[in-house]
Structure formats: structure tokens, C-alpha cells
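Derivation of every value follows stated rules applied to the coordinates shown; laboratory data play no part. Computed from a prediction, not measured in an experiment: that's the story for all the values here. All Cβ positions, even for glycine, are placed from backbone atoms using ideal geometry, and neighbour counts span all protein chains on display.
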Amino acid sequence: MAPNQGAGEVVLRATGISKGFPGVKALTDVDLEVRRGEVVALLGENGAGKSTLIKILSGVYSLDKGEIELEGKRVKFDLPSEAKAAGIGIIHQELNYVATVSVAENIYMGDIPKKGLVIDYRRMYRGAREIMAKIGVDIDPKMPIGRCTVAQKQLIEIAKVIANDVKVLIMDEPTSALNDVETENLFRFIGQAKSMGIAIIYISHKLDEIFRIADRVVVLRDGCVTGRLDAKTATREALIRTMVGRDLTDMYPKTPGAPKGVAIEVRDLTNDALFGVSFAARKGEIFGVYGLLGSGHQDLGAAIFGQTIVRSGEIWIDGKRVKINDPLDALKNGVAYVPAERKTEGLVLNNTVRVNMLSAFYAKNSRRRFTNKRFEAGITDKWIKNLSIKTPSGETRVESLSGGNQQKVVLSKCLELEPEVMILNEPTRGIDVGAKAEIYRILDDLCRKGKCVIMITSEMPELLTMSDRIMVMHAGRIGGFLEARGATQEDVLKYAIGG
Ligand SMILES: Nc1ncnc2c1ncn2[C@@H]1O[C@H](COP(=O)(O)OP(=O)(O)OP(=O)(O)O)[C@@H](O)[C@H]1O
Ligand SMILES: [Mg+2]
């Protein structure tokens, strides 16, 4: 491997790492090293083995074969706490938190400032604020974490790790729930961490980020290293080819919408986070929704879908006023919703891929009491194939799938319904580039069939290229509407900051 100019000595070195799960060879003979002040990006398709590798480095999983050295000394972590004590900080892909305790307590988890035997609340809240400020975050430290948005939880997770002194900082898709502004703040922090000599391992499916912050890229495919590239000279095409094994020609297959009439109209929707939101989305269009942290865009989907309590407002579907009191009402009225937080809202983790995929179908078609193995297997296999879901079979439990593959299961569950109105909250969060293109194709298809797609997203390229129209939210209200054609990032952000 070419020596990295400017980077310091090797901090963490993993050699010959292999790991298997029942029916899956997750990693085969993987070598990885990271130096002081260096950002190594770990790249690969959903299920390639990225999370497994860093879970081994941080004591979550044991390894079958291989060695790990930290600052030249052989180490073996049997528990995450041992890795943490040795200076390895990790931000996992799946968020871990106790919903009822405060933001500050989450940040100080296990290490709460005390005065004698009692908690020193003042010091804890002040400390939490200071730590969050390092990454440009301002969240009330007293707020119960269950009330935070996904993005806020992600930021708190980051704060939690940097509250400790770390030698190695590992981040597994830290920006998957963050918007551009929050991402910039995180990058600024990563820059500081680099200059402090911290070694960083960074996993992301967003290639732009890789080019922005990585020094080197290590690509995994089916558990093996398929490439080591210099981030300064590698091209986007080269990265994709090494990752997917082929070229990807059409990332955003958008046919211009030919909207026919209003599919859903929302009038004056009001709850704790939304204040008189009104809009109409049409049949045959992708209606993009964007907002910054706390703008209410994250609450919109659940409110329409009847998942959260609405104080006032009306929903009209196909010209008729409908009452949606719960998700079942929504499904029966042809509205489906893909939530952003799949682990708690979208999936029953200890159920199989098949049961999860069919759950919404059976909920909607409650009269269909008989089950037919052939019919179910047909649907399951179709989506495993269409979305290239990496799973040993349809009978595998969802919890053992990689993050991106879990997201694909949530999506297929709603896609199977072919709803008249499909609301998606961060549809491609954690999805690799190849599967992303596939999902865009499916959404485009839905539109051409005259369905209405409401796409809530923080990903600017996706918003600008896949939408027909864009609604930008600000402080729980509508900041503005845009035709997506010709709209720029600046146009969107202007409305998002309330300008
Ligand atoms: N606890 C587990 N039990 C069984 N199989 C597992 C477990 N964890 C991971 N796997 C399998 O190991 C493989 C690698 O998964 P991993 O989570 O490392 O992928 P990843 O590269 O992080 O993907 P993603 O981009 O989707 O997060 C997958 O086939 C996955 O199904
Ligand atoms: Mg992963």
C-alpha cells in the first residue's frame, strides 16, 4: 500500500479478519489499517460486510480468524466496553438509546457527573451543551430522547462518542439521517478530529462525502476487499465499479411527470410540530418535501398516515374528505407510509423477511384470511430479486440482515400495496448506489401508472432530480413551493431557512 503523505503512524491495524454467521460468510481475510489524522472510508454494497468489520474492531462481535493491533500492541476485545476503554469510539448505524431518559443522560451514559452520590445536573446539562456545540448542535439537554427526531438522535449519538477521548473514531453512516447543514457541521468536526491526530474510519453510501473527507478508500464486496483507492485521485466511476462490479449508467431515471389531477389534498394540518400545513399532491407526480432539522417535514408523513395525533385539519383523497384515525384507515384509503426509523416503526425485527413484507398487505386486505404458501413465496421472491435484497432466504429473520437490506424490506412492504398515495420518509437512507437507482426506477414507474409519490428527503440530489414539484418546510409551516425543473440547492435552502 502506498504510504499516506502527511498521515502519522498506524494506530489501528486489522489483519486477516474472517467472520461467518449461519449461512453467511460475512468477511474473508480482510486487512485494514488506519493512521493518525487519517480518514479511511469503508465502502461497499448493502450486506458487503462493513458494519460487521467495525463491530469486530469495537468488541461487539468476536472474530473467527485474524488479529487486531492498537498502537502496535495486539488486542482482543471481548466486550464493547473494553474497546471503548482502549480509546475506540464508535457510532453505530443503528441508533441505541433509552427513550425515556434525557438527552444529557444519554450523552453521559454510564459516566454521569456526580456530586458525591447525587447527579450533578447543572454540570451534566452544561457539559452536554458544550459537547453538542462542538458539532454545531443545539438541543435542549433536558428533553427526553424519545421526543427527538431521527436526525437529533443521530447527532446525540455522535456527541456521546466524542464525550470520551478517542484514538480511533469509527462512524457507520453517521449522516444517513442528517441534512446538508448538519452534515457540514459534522465534517467541520471531523476536520478538527483529524488535526488532533485521531484516526477515523468512515462508512457511507454517499460518494460525495467520501470525496470530501476521505484520504483513502477501502472497498468491500461480499466480505472481501476488492479495492484500495486514493480518495484524491479515484473517480466516481472507479469507486462504483469496484463496489458493484459493473458500471452504473442511469442513476436518476426520471421521466417528467404528467400529473392528472389531485390525488391527496391536505388542509390546515396542525399538531405539535405542524402549523396549518396545506398542500395538494397530484396523481402521476413525485412531490418532494424538504426541511431542515425541526421544520416539521419529519412529522408530516406520520401525521397524514394517522400514526400521530392531529389537532386539526382535513385530508381529501381523490376529491373526497376522509377520516384517518390510524394507519389502518390510511391503508384502506390507499395511503401507505414508509417511515424513516425502520427499526422501531417499520419492521418486526424478530420476524422473517416474508412476514414483514406481507404484513401491510394482510392488514389492508383483512378479509383475506387464508394463507397460501405459493402466493406468499412469490411476492417475497419477487422483491428479493427486484431490490437485490441480500438474505439467505425469505425465511431469514430481518434482524440478521444488514441495515440497507432491512430498509429494502420496509420499502417492498409498501411497494407491494401499490397505494394511490405513497409517502416515503428518507426512502434511500442507507441504501447502496446500485439499489438506489433501482428504487428510483420503481418510484418513477409508480408515477407513470398515475400514482402519487410524496418523497420526504434530506438528500439534495435526490430531491432535485427525482421530484416534479418541491415543498419546502420551515418552522412547522410551508416555506415555499418550487417546480423541481431548474431549481437549485440555493433555491431550496432559501425557503428552508425561512428567507
Ligand atoms: N448478527 C447477524 N446474524 C446473521 N447474519 C448477519 C448478522 N450481522 C450481519 N449478518 C450478515 O452479514 C453480512 C454483512 O452484513 P453487514 O451488516 O456487515 O453489511 P453492511 O456492509 O454493513 O451493509 P449495509 O450497507 O446494508 O449496512 C450480511 O449478509 C448480513 O446478513
Ligand atoms: Mg451496515
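Apply the Debye scattering formula to the chain, with a single equal point scatterer on each alpha-carbon and no solvent, then give log10 I(q)/I(0) at q = 0.07, 0.08, 0.11 Å⁻¹. Computed log10 I(q)/I(0) values: -0.38, -0.50, -0.97. Remark: relative contact order (region 262-496) = 29 percent; criterion is Cα-Cα distance under 8 angstrom and separation of 6 or more residues. Global size of region 345-424: 11.9, 34 Å for Rg and Dmax (C-alpha atoms, Rg to one decimal, Dmax whole).
Projected onto its three principal axes, the C-alpha set of region 262-496 covers 49, 37, 31 Å, listed from the longest axis down.
Take 32-41, 391-400, 262-271 and order them by the average number of nearby Cβ atoms within 10 Å per residue, most first; the result is 32-41, 262-271, 391-400.
Which is farthest toward the positive dipole end of the chain among Tyr125, Leu482, Pro256, measuring Cα position about the Cα centre, with Cβ charges +1 (Lys, Arg) and -1 (Asp, Glu)? The residue sitting farthest along the positive end of the dipole is Pro256.
Other residues lying with their Cβ under 14 Å from the Cβ of Pro327 contribute a combined charge of +1, Lys and Arg counting +1, Asp and Glu -1. Cβ-Cβ distance of Glu9 and Glu418, R₀ of 60 Å, FRET efficiency by 1/(1 + (r/R0)^6): the value works out to about 0.60. The label point for Ser195 and the one for Val322, both projected 7 Å from the Cα toward the Cβ, are 5.4 nm apart. Backbone geometry of region 118-126 corresponds, through the Karplus equation with coefficients 6.51, -1.76 and 1.60 at θ = phi - 60°, to 3J(HN,Hα) couplings of 9, 5, 8, 4, 4, 5, 5, 5, 5 Hz, x marking Gly and Pro.
Net charge dipole, region 262-496: roughly 900 debye, given to the nearest 20, about the Cα centre with Cβ charges of +1 for Lys and Arg and -1 for Asp and Glu. Using R0 = 22 Å, the C-beta based FRET efficiency linking Tyr252 and Arg448 works out to 0.90. Note on the chain: dipole from Cβ charges, positive end direction compared against Asn106, Pro392, Gly20; the farthest Cα belongs to Pro392. Considering the zone a paramagnetic label at Ala363 would reach in this model (a point 7 Å from Cα along the Cα-to-Cβ line), which residues of region 386-422 have amide N under 19 Å from it? In region 386-422, the label zone of Ala363 (backbone N under 19 Å from the point 7 Å along Cα→Cβ) covers 398-399, 406-422. Working note: 222 nm ellipticity from helices only, DSSP H runs with n ≥ 4, each -39,500 (n - 2.57), summed and divided by the residues of the chain, gives -9500 deg cm²/dmol to the nearest 500. Here is the list for region 358-422: chymotrypsin sites (Phe, Trp or Tyr not before Pro) lying in DSSP coil, each with at most 13 other C-beta atoms within 10 angstrom of its C-beta, are Phe370. Post the alpha-carbon centroid distance, region 227-302 to region 427-499, in whole angstrom. When both Cα centres are located, 3 Å separates them.
Amide H to amide H distances under 5 Å link Val289 with Met455, Ile456, Thr457, Met471, where only residues 5 or more positions off or on other chains count and H is placed in the peptide plane.
Legend: Rg and Dmax of region 172-237, from Cα coordinates, 12.5, 34 Å. Take Asn351, project a point 7 Å from its Cα along the Cβ direction, then tell me which residues of region 415-432 have their backbone nitrogen under 15 Å from it. Backbone N within reach: 415-417. Per residue, the average separation of C-alpha pairs within less than 8 Å and at least 6 apart gives the chain a relative contact order of 16 percent.
Taking 0.36 nm per residue of separation and subtracting the current Cα-Cα distance, fully stretching the chain between Ala99 and Val262 would add 54.8 nm.
Relative to its residue count, region 427-481 spans a Cα convex hull of 88 Å³ per residue. Its Cα centre serving as origin, the chain has a Cβ charge dipole (Lys and Arg +1, Asp and Glu -1) of approximately 920 debye.
Between the listed residues Thr352, Tyr440, Ser278, the Cα displaced farthest toward the positive end of the dipole of region 262-496, a dipole computed from Cβ unit charges relative to the Cα centre, is found at Thr352.
How tilted is helix 353-364 with respect to the longest principal axis of the chain? Cα atoms for both, answer in degrees (0 to 90, nearest 10). Relative to the chain, helix 353-364 is tipped by roughly 20 degrees. Residues in region 241-258 carry Karplus couplings, in order, of 4, 5, 7, 9, x, 7, 7, 10, 8, 10, 6, 10, x, 9, 8, x, x, 10 Hz; the curve used is 6.51 cos²θ - 1.76 cosθ + 1.60 with θ = phi - 60°, and Gly or Pro positions show x. In the chain, the longest principal axis of the Cα atoms and the axis of helix 403-415 are about 10 degrees apart.
Per-residue Cβ neighbour counts within 10 Å put His474, His205 in the sequence His474, His205, beginning with the fewest.
Taking Cα atoms only, the orientation of helix 180-195 departs from the longest principal axis of the chain by about 0 degrees.
Simple point charges give the picture: +1 on the Cβ of Lys and Arg, -1 on the Cβ of Asp and Glu, and for region 305-387 a dipole about the Cα centre of about 380 debye.
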